[in-house]
Each structure stands twice: as C-alpha cells, then as structure tokens.
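Read the structure below first, then the notes.
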Amino acid sequence: QQNDRVALVADRISIDSNTGALIAEGDVTIIRGDTVLQTDRLIYDETDGAVSVPGTLTIQQADGAVLHADYADLDGGLQSGIIAGARALIDNQLQIAATSAQQIDGRLTVLNRVVASSCTICEENPVPIWSIRAERVVRDADALQFHYENAVFELFGVPVLYLPYFRHPEPSVDRASGFLSPEIISSGNFGFAVKLPYFFVIDDSRDATITPFLTSEDGLLVEAEYRQRFERGALELSGVSTLDTDTSGDQRGYLSALGYYDLGNDVIARIDATALSDDAFLDEFNYSDTDLVTSELSLEKFERSAFWTLSTIYFETLRTNQTQDTVPFILPAVEYRRSFDLGGTRAEVNADILSFTREVGRDMSRATVGAGLDRTIVTSPGLVLRGFADISGDLYSVRNDPIRGDVDEVRTRSTAGLEFRMPFVRRTPELTQIIEPILQLVHGAQSGNIGDIPNEDSVLVEFDETSLFSTNRFPGEDRFETDFYANLGLRYESITPSGRNITATVGRVFRSEPLDSFPTGSGLEGKKSDYVLAAGYDVTDRLSISASALADNDLSLTRTELEVDYADDDLSLETTYVFLEADTTTPVDRAELLVDVGYRLNDNWFGEIGFRRDLRNDDFISADAALSWGNECATFEFSVSRSFTTSNNVDPSTEFGLTLRLAGLGTQGDAAQRRLRSCGI
Amino acid sequence: QAEQPFSTFQHDSSQPLEIVSDRLGISQAAQTAEFVGNVEVIQGTLTMRAQQMTVTYDQSSGDIRQLIATGDVLLSSGSEAAEGQRANYNVDTGFLVMEGDVLLTQGQSALSAQSMRINLNEGTGEFSGRVRTVFVPQSQ
Amino acid sequence: CGFEPLYGSDGAAAQLRGQVRVTAIDGRDGYFLRERLLQRFGRPAADAPLTLSVTLVTEAEALAIRQGNDVSRYNLSGVALIALRRSGVAEPILLDEVSGDASYNAPSSVPPAPPNASDVAARAAEQDAGRRLAQYLAEQIADRVLIASEQLSQ
C-alpha cells in the first residue's frame, strides 16, 4: 500500500534538488487515497519522504472525520504522524480538540489532553452546554468507539462527574452497547428516582436493555427488556422487579411477553401476555393506569376473502370493585369466515365458538354456524337495489347462571331485508357532491325464548352513524334484533379537487315493535330511535372538525361527541368534547373535555399542555405539561403530570420528570436535525 | 535514493552548443539567427527541440548569449523531460524559463504547471500557476 | 338543482360497477372493509381495469374516564389510505385517505357496585366497533373512488 501515489496541487512548487526539498505554497492540497490535506505551505522532503506542515491545516480523513490542526509532521503517505492542536469534527456532530494527536494508518487514533462536545462553540457562547475533558482519548476504528481516560464531564463549564474511564460510540453508530440517556423522575408514590438504562447488543438479531430504577422511598427496582428477531417472527420480553423487599416484604413487579411467529402458509402464532405481582404496581410506578390486563395467545390465518382465528384470553382485573374469581377466562374463542361468489350473488359462511369459565359465577359455551347471501342490482333510473338474507344456528350450554341455573338451548336466527339506495351526483369543476338516500327494510326472527339465554356479550350496544345502516346492532350473539325495522337515512359526501371534504350522515330507525333487549339510553329503544346526526369537515389539510350526536324525539341531544384537530408546523391542537346521558351501562351523565396543545416556539423550545376535565363534576381528571429545549447537542425535557382521581387504592399524585439527552454520542434522532448552527447566525 | 527532480537538468557550460535545423536565416544587424523547422540544440547531455528558435550572439566573441524557442518545445536530459509552448534560455545566467502548459516527467512522477523556471547552474527550479504533481512517497 | 342520478346517466360511476378489483386488506377489520367495498363496486370481472388497495390503521383512545380513573368509553379512530391504479400500472391515479371514528362503551360502574358488563362483553363491543368502523370507512372510500372516476372522466 505504500506505493500509493500522492497527488499535490499548489499555486507554486519550488524544488531544491540539492537538499531534496520540495516546497509547495499557496492553496496547497495533497491527496493520498481518501485522505485529503489542505494547507498554505508544505514541505515534502524527498530524502526521507516526510511531509511537514508548518502552518494551520485541515485533514479530511478516510472515515469522514474532518480535522483542523496548528501544524503536523506526517509520513509521505499522510498515514501516520504527530498532529499538534488537533480539532476534529466527527460525522458532522462531535467536535474533539486535542493539544496533540497521533494519527496511525490514516485514522485519528490517540489524542492527548482532549475536550469533546457536540455543541457548537462560538465566540458568543464559548462555554458549551456539555463537554468531556480527558487526559487521553483512544479512538478504536474497528469498533467505532471512543475510549476516554481520566474524563471529567462538564455541564455549562462546571465539572459534574469524574470518570476514570468512559466510552461512547461514534455519532454514526446507531446500534452499539452503552448507557442511554438518564432520566430523573419524582412522583408522589415513590418519591425521587433516577433511571439509567444500559443498552446491550447481544448480536445482529438480539439486544437487551437493563435499567436500574433507584427510588428514594421504595428502594431499587430493575427494569429489563429483551428483544429477539427471528427470520419469521419477533419476541419481546420485558419486566420489572423490586430488588430489596419493601415494607410488606414481598417482591413486586410484572413480566410481559409480546411476540409473533409465522408458522408457514400464512398461519401466524401471537402472544401478548402479562403477569402481575399486585393490582397497584403498574399505576403506582407509572407504568400504566389501566384497570384491566388482558393476556392472549392466538393462532390466526388471514386470506383475501377468508380468515380464521383461534385464541385463549385471560383477563386480570385491577378494579377495586371486582374480584378476580368473577372474571371470565376464555378458552377457546374461535372465529371462521369465508365469502365467495355464487354467480352474481355474494355468499358468506361463518362459524364461531366461544367458551369461558369463572371460578364464581356463570360459565358458558356457545357454538354458532351461519350463512348469508347478498345480491345487488342497479336498475336503470339509478336505483341500487340490494337483497340480503342470513341464517345461523346456535348451540348454548350455560352452567350456574345466577337466575337460570343450567341451560342447554338450541336457537336459530335469521334476517332478511331489502335495501334501496338512490345516489345523486352534482358535478361542477370546483366541487363534486354525492347525496345518497338509503332505505333498508329488514325482518329479524329467532326461535326459542330469548329470556332463556343469558346476555353475556351483547350488553354494550352502540347506535351511531356507523351502526345506523346495520342489521342486528347487538355487538355479540347472545341477543338479536328481531321483528320488522326500517333504517332510513341520508349520506352526503363532497370533495373539492384540492381535497377539502365534507361528509354527513343523518337517519333514524323505525320499528314495528319496541325491542326491550336494547338497553335504555342506547337510543334504540321504542318504536322510533333517536335521530343520528354526524358530520365531518376537513376545512384545510390542517384543520378538521368531526361531530357525532344522538337527538331524541324532541331533538334534545342525548349524546354528543365533538372533535376539533388543528396541526401546522408549529402548533398542534386536539380537543374532544363528550356528553353522554345516563344509560343502563353508566347510571350517571358523563361530560368531559380533553385538550392537548403542542407549540414549537422556535428551533429550540417546544411546549405541550394537556388536560382532561370532568365537566359534570367540574374538576380535572388529569393534567400534564412538558417543556423541552434542545439544540444540536443536547435536549432537556421537563415534564409534570398530575392525576386527580383515586383509583386502585392509589391516591392522586403528581409526577415530575427531567431527561437530559446528549446528541453526538451515537445517533440521536431529532437532535441531529438541528445540526451545527454556525456561529453568529 | 530516488533521483531528485532537476538533478539532471544541469548544463555544462564548457561543452560546445550545437544547433541543427531545416532552414537558417541570419540577421547581421540584430546579431540574431533564426532556425526554423525541427530545430535541435545539444549541449552535453542537455538537448532542446522546438519548431522555431531565435538565437542571439555576443557581438565580439560570437558566443551564443540567448535562445528563444517556440512551438512544441521539449527539454530533455537522460531520464527527465520538460515540454512547453515557449522557452527562453539565457546561457550566461544559466536560467531557463519555460511557459505554456509545462509538463515535467521523471520516472513515475509527473508535474504540470503554467510556467517553470530552472537555474541550470544550481539545479533548483520553481513552478507556478496551479501546479499539479503526482509522485510516489518514500517508504519511511 | 344540478343533481342527477349517479348510476342513471352514462356517468363514469355507472360503468364502474364490476370494474374495480380490491386487493387483500390485513386483519379482521380488513376483511369486513373489503366485503363492503365488493358490495358497493360489485363483483370484479377477471380483467377488471382498476385495482384498489387499502391500508387500514386504527387506534383506540380513552374517550371518557370517570372519577375512579376507570375508562368508561373508548373511541376507535381509523384512517384508511387508499390507492387506485389502472390494473398493472404502478403509478396510482388516486392517492387519498379517509378517516372516521367509532365509539364504544366499556364496562363501567359506580363503585362499590361491580361493573355491569363482563370483559367478554367488552371484547365483543371492541370487535364490533372495529367492524362498524371498517364498514363506515368502506362507504366513504367507495364514494371517494366514484367521485374520482367522475373527475377523471371530465
């Protein structure tokens, strides 16, 4: 490699063949392989092949690092030598200054008396936010790591941490073992706490993160995550455990597994399971405020017009007013659907099995088989006529139902209906609109006595614009929409070529007989349902409004959901207003306002405020705010969140969080975008 | 020890200076002679070729004082060669100046510049005008 | 008032029936979305000139939380990204997205009374919301494709 040719370009070259000296002056550039050295004056000594650069120089190294120095003595091939006053810029992010540096084989390898930082250092802000001073730094070119000896970490110029040895990956490295940014949290539940995650690369397809979580009031916890990628699947195990036994002496924590595996010909196995030590742990240590933990194992296969799923589901309740032994355990839940064409008619066959047991309370097993036909014809004046019918049979086996005791029942259900649609279109260059009146005449029938079968899965009935033109509006199969009913409504959609769009739906359901299995307050009771009113308006590609409401006979609103979203480069606003009249599932009115505002003040500052307010009891449910400041080398994030509700025997608490993320030590997503702000500008 | 550039570009002023060309025109008044067509000047190991050369003589001794060559000028000496469009060789001072896309080649090394100024007595030289050179570094 | 039957006249929409092939859409909700599209566009002929591909992304957010911090209502919001192409041609002639919401109640209660619906009911309500949302988006997609075929043919 030594005989690599060297190219030299300069304004003047003078040669003194007696002394063997070649002197290049004026905008001198010397190139060898990928190394480029630029200076104003350079002396190349023919006799020993040495290149000495008396004045300031810059070297663009093979690995992309740009190095500035006061002077240097290098070998002819620019590969090795001593560089004085070296200042290197690695991957355009990390700046390193050293009083002297040794370059071996074209790579900056040893630096002495070093200051390293990824912050832009200019006259107006000479003190970088963070910097690391070290006696000596060795740069490992193969592992792309920087090893610091006797390093002092400085924040705003003040030494805050001394480390005899410290290592970090080069900025270009996006996956290397090492410490991640620390997190400082304070919470009403566990007091003051620090998290210092360590990311550990096992091999190309496996890595893990271990995070000591030191709290002032509950001692030390350890979080661990393990991720593995297979050729046809992936698995993620995560868990937390208290190390020293707290007051009650037992170990607390959780362990969860999330993963999938393709077993071949599109059959996929999935796991999403969590084991908990106690009900309050997740909420108390800020992991989640859920009131139910669902664990599911499933097999599934999805094709273009068919699928089957087979799963078992374990619900673990964290609710204070519910004991685990009354919670059902589903084993199995099976669903099979296939649709195909019979000439002009679309046909579907389906089957499902649901079997669950409880320690205390009702167990139930149900098998259903069904088939349906659906045919649409377009008549000449533009009327779209659709006929549909389906029939299914259920086999029920109920044990220790509190009212009915044991029940074994066979039931058949059927629906038959006609749908009339007459869409009209109005075409103008700037707007195209479609108005579509829809009428569905449906008859539902079922055999046997509906009261014999307990209603387990059809309690939570929903009536809105998405179920207005549906047949059988019960979510499950334990209940069925029978007798004659007519869904009458109107759909409207308009769009401008630029994409501004309005959609609207209005309608009502008329019944021959009231159906008492519809829960009161669902809007479907009586012979005439509530009015469904829904509209969506994308004002611009930044602002969108959507509303959905139910109004009773005298047009007073029984339910309203209104959402306004706005987002541009600097401001994002999400507001949701909900009003729900009392119904059987929730015996009290509910009214809530949810607001989330994010605002970017400038390149550095970003603020976020969010709250959820219970308008009926006129107080807050939760509120949070976050402020982050970031530039090309560091991001500070301060967050505060408060939950005002008492839940799972955890009283209202406020959490503060402070995170400091350093850029330039391995790839940092956003900080890298605000790269070097050149000085003064 | 590799050869240094220009080490061979030295002229031995004791050697006779011999000029050959297709045609020759002499102007007594200006004391000059104009050689035209495949002109070649030889002095010891140093030779210079050009399309046209104007030589000025010393009035009394008749020695050649200056040579001005134009058109594909080539100066060579054993292993080294320098070519350019124009050259001015002042025999008394030993200075030779070559201009116009000068290209110096020596073994594996080559050097290009707009102008080259060599002191043939001391073997030193200077190039200017965006000089470009490629050479093989010494193994340390 | 300028409105005329969409399928009546010789409008582009009228010829659209049976001309749109719908590619597979992932998941359970994808099945229902695709079925509703086939219902609106009719069975595609083997050499249907248009191919519609849809990507459905849904996300459930807590809509209403009550004092006991238990969520009493969820909002399943969905976005469907659609691409309409002339069969066999990569360059789409329509790239668009439609969005919608479907809410569903969660088992809720006023402690100390136990919740009035079991988690089996909650799972059924959640799955039903997914189906309803998919079918609702399918209606909007069908309209958007009809409108696009109108504008394309002008």
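Just a few scattered comments:
- When the residues of the range A:8-60 are filtered to those that are within 21 Å of B:Ser128 (Cβ to Cβ) and among the basic types (Lys, Arg), the one that is nearest to the other protein chains (Cβ to nearest Cβ) is A:Arg12.
- Residues that are of a type in the set (D, E, K, R) and farther than 20 Å from C:Ser77 by Cα within the range C:96-130 comprise just one, C:Asp119.
- Residue that is under 26 Å from A:Ala626 (Cβ atoms) and of a type outside the set (S, T, N, Q), where the choices are A:Gly191, A:Gly219, A:Gly239: A:Gly191
- Pair list, Cβ < 6 Å and 6+ apart or interchain, from the range B:17-44 residues that are touching a residue at least 24 places away in the same chain (Cβ under 8 Å) to residues that are surrounded by 15 or more Cβ atoms within 10 Å (Cβ to Cβ) and not in a strand (DSSP E or B): B:Val39/B:Ser21; B:Gln43/B:His11; B:Gln43/B:Leu17
- Condition met for A:Leu460 (of a type in the set (A, V, I, L, M) and in a strand (DSSP E or B)): no
The rows are residues; the columns are (1) buried (at least 17 other Cβ atoms within 10 Å of the Cβ); (2) closer than 19 Å to C:Glu139 by Cβ; (3) at pLDDT 85 or above; (4) polar (S, T, N, Q).
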{"site": "C:Thr58", "(1), (2), (3), (4)": "yes, yes, yes, yes"}
{"site": "C:Arg66", "(1), (2), (3), (4)": "yes, no, no, no"}
{"site": "C:Tyr74", "(1), (2), (3), (4)": "yes, no, yes, no"}
{"site": "C:Ser77", "(1), (2), (3), (4)": "yes, yes, yes, yes"}
{"site": "C:Ala80", "(1), (2), (3), (4)": "yes, yes, yes, no"}
{"site": "C:Gly88", "(1), (2), (3), (4)": "no, no, no, no"}
{"site": "C:Pro92", "(1), (2), (3), (4)": "no, no, yes, no"}
{"site": "C:Val98", "(1), (2), (3), (4)": "yes, yes, yes, no"}
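- Summed over the range A:337-358, residues that are touching a strand residue (DSSP E or B) at 6+ places or on another chain (Cβ under 6 Å), more than 8 Å from chain C (Cβ to nearest Cβ) and either among the polar types (S, T, N, Q) or within 18 Å of A:Glu456 (Cα to Cα) (or both) total 6.
- Residue within the range A:415-425 that is within 8 Å of chain C (Cβ to nearest Cβ), among the basic types (Lys, Arg) and under 43 Å from the mean Cα position of the chain (by Cα) present: no
- Residues satisfying the stated conditions in the range A:632-680, i.e. of a type outside the set (A, V, I, L, M, F, W, C), outside any strand (DSSP E or B), surrounded by fewer than 20 Cβ atoms within 10 Å (Cβ to Cβ) and at pLDDT 60 or above: A:Thr646, A:Asp651, A:Pro652
- Positions within the range B:112-127 being within 20 Å of B:Ala69 (Cβ to Cβ) and either part of a strand (DSSP E or B) or modelled with pLDDT of 85 or more (or both), in sequence order: B:Ser112, B:Ala113, B:Gln114, B:Ser115, B:Met116, B:Arg117, B:Ile118, B:Asn119, B:Gly125, B:Glu126, B:Phe127
- Scanning the range A:160-176 for residues that are touching a residue at least 40 places away in the same chain (Cβ under 8 Å) and under 24 Å from the mean Cα position of the chain (by Cα) turns up A:Val173, A:Asp174, A:Ala176.
- For the range C:88-108, a tally of residues being touching a residue at least 40 places away in the same chain (Cβ under 8 Å) and among the polar types (S, T, N, Q) returns 2.
- Residues of the range A:545-563 classified as surrounded by fewer than 17 Cβ atoms within 10 Å (Cβ to Cβ) and either part of a strand (DSSP E or B) or in contact with a helix residue (DSSP H, G or I) (Cβ under 8 Å, 6 or more places away or on another chain) (or both), total: 4
- Residue list for the range A:198-225, restricted to those being buried (at least 17 other Cβ atoms within 10 Å of the Cβ), modelled with pLDDT under 90 and within 23 Å of the chain's Cα centre (by Cα): A:Phe199
- Residue match in the range C:134-144 (condition: modelled with pLDDT of 95 or more and either closer than 25 Å to A:Thr290 by Cα or surrounded by fewer than 24 Cβ atoms within 10 Å (Cβ to Cβ) (or both)): yes
- Residue selected from the range A:320-336 under the condition touching a Pro at 6+ places or on another chain (Cβ under 9 Å) and more than 18 Å from C:Arg123 (Cβ to Cβ), by the criterion nearest to the other protein chains (Cβ to nearest Cβ): A:Asn321
- Residue list for the range A:484-503, filter: away from chain C (no Cβ under 11 Å) and modelled with pLDDT under 95: A:Ser498, A:Arg500, A:Ile502
- Sole residue being surrounded by fewer than 19 Cβ atoms within 10 Å (Cβ to Cβ), among the charged types (D, E, K, R) and part of a loop (DSSP other than H, G, I, E, B), chosen from A:Glu348, A:Glu335, A:Glu359: A:Glu359
- Some residue of the range B:63-76 being within 14 Å of chain A (Cβ to nearest Cβ) and either without any contact (Cβ under 8 Å) to a residue 40 or more places away in the chain or surrounded by fewer than 17 Cβ atoms within 10 Å (Cβ to Cβ) (or both): no
- Matching residues in the range A:400-418 - criterion: being touching a residue at least 40 places away in the same chain (Cβ under 8 Å) and either within 21 Å of A:Val506 (Cα to Cα) or in a strand (DSSP E or B) (or both): A:Asp401, A:Val407, A:Glu409, A:Arg411, A:Arg413, A:Thr415, A:Gly417
- A:Glu477 vs. criteria in a loop (DSSP other than H, G, I, E, B), touching a residue at least 12 places away in the same chain (Cβ under 8 Å), within 7 Å of chain C (Cβ to nearest Cβ) and surrounded by fewer than 23 Cβ atoms within 10 Å (Cβ to Cβ): no
- Every residue from the range A:177-197 that is among the small types (Gly, Ala, Ser) and under 23 Å from the mean Cα position of the chain (by Cα): A:Ser181
- Residue ID - nearest to the other protein chains (Cβ to nearest Cβ), chosen from residues in the range A:362-399 that are farther than 30 Å from C:Gly42 by Cα and either outside any strand (DSSP E or B) or among the hydroxyl-bearing types (Ser, Thr, Tyr) (or both): A:Arg362
- Among residues of the range C:112-134, those that are more than 7 Å from chain A (Cβ to nearest Cβ) and under 8 Å from the mean Cα position of the chain (by Cα), counted: 1
- Residue check, C:Arg21 within 23 Å of C:Arg144 (Cβ to Cβ), of a type in the set (Lys, Arg) and surrounded by 17 or more Cβ atoms within 10 Å (Cβ to Cβ): yes
- For the range A:274-304, the set of residues classified as of a type outside the set (A, V, I, L, M, F, W, C) and in a strand (DSSP E or B) consists of A:Thr274, A:Thr294, A:Ser295, A:Glu296, A:Ser298, A:Glu300, A:Lys301, listed by residue number.
- Restricting attention to the range A:627-638, the residues that are in contact (Cβ under 8 Å) with a residue 24 or more places away in the chain and either small (Gly, Ala, Ser) or touching a strand residue (DSSP E or B) at 6+ places or on another chain (Cβ under 9 Å) (or both) add up to 8.
The values are calculated or read from the model by the stated rules, or taken from the named source; none is laboratory data. Everything numeric here is computed off the predicted structure, so don't read it as measured data. Note that each Cβ is placed from the backbone with ideal geometry, even for glycine, and that neighbours are counted across all protein chains shown.
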